[in-house]
């Protein structure tokens with residue numbers, strides 16, 4: 001008689017600006033992040049998800065696709081950044097200097 005495989009319940013989450021989805025899925029114990037994403041079927045709903053390109057996290061902490069999941073984990077699939085955050089901060093800082101925000105003229109009298 002075959003031995004029963006122990007399973008754990010996890011969630012797979014993905015969000016776009018206009019739509020968010022969390023899919024509950026039961027997977028065998030010792031399942032990886034990538035295997036849970038595949039088992040969830042989320043790639044059928046969002047074909048742009050690429051296991052080799054997208055980054056993943058568990059409860060907001062970035063992790064690798066090979067990470068073993070624990071019961072109750074929420075796998076998050078992150079979309080690629082549209083703009084480089086460092087470049088955006090630099091542009092804002094330059095705009096602030098041009099408008100003399102933050103410090104202005106500090107002459108003493």
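Each reported figure results from applying straightforward, stated rules to the coordinates on display, with no laboratory input. The structure presented is a predicted model; accordingly, all values stated were derived computationally and were not measured. Backbone-built Cβ (ideal geometry, glycine too); neighbour counts: all protein chains shown.
Tabulated results
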| quantity | calculated |
| --- | --- |
| Rg to Rh, two decimals, where the range 7-91 supplies the alpha carbon set and Rh follows Kirkwood | 1.02 |
| 0 to 90° range, to nearest 10: angle between helix 85-98 axis and the chain longest Cα axis | 20 |
| Computed E for residue 86/residue 52 - FRET, C-beta separation, R0 30 angstrom, nearest 0.05 | 0.75 |
| Virtual paramagnetic centre 7 Å along Cα→Cβ of residue 22, amide N under 15 Å, in the range 72-90 | 72-77 |
| Of 67, 43, 20, the one that fluctuates the most in a GNM where the chain has Cα springs shorter than 10 Å | 20 |
| Within the chain, helix-based [θ] at 222 nm, where runs of 4 or more DSSP H residues each add -39,500 (n - 2.57), nearest 500 | -6500 deg cm²/dmol |
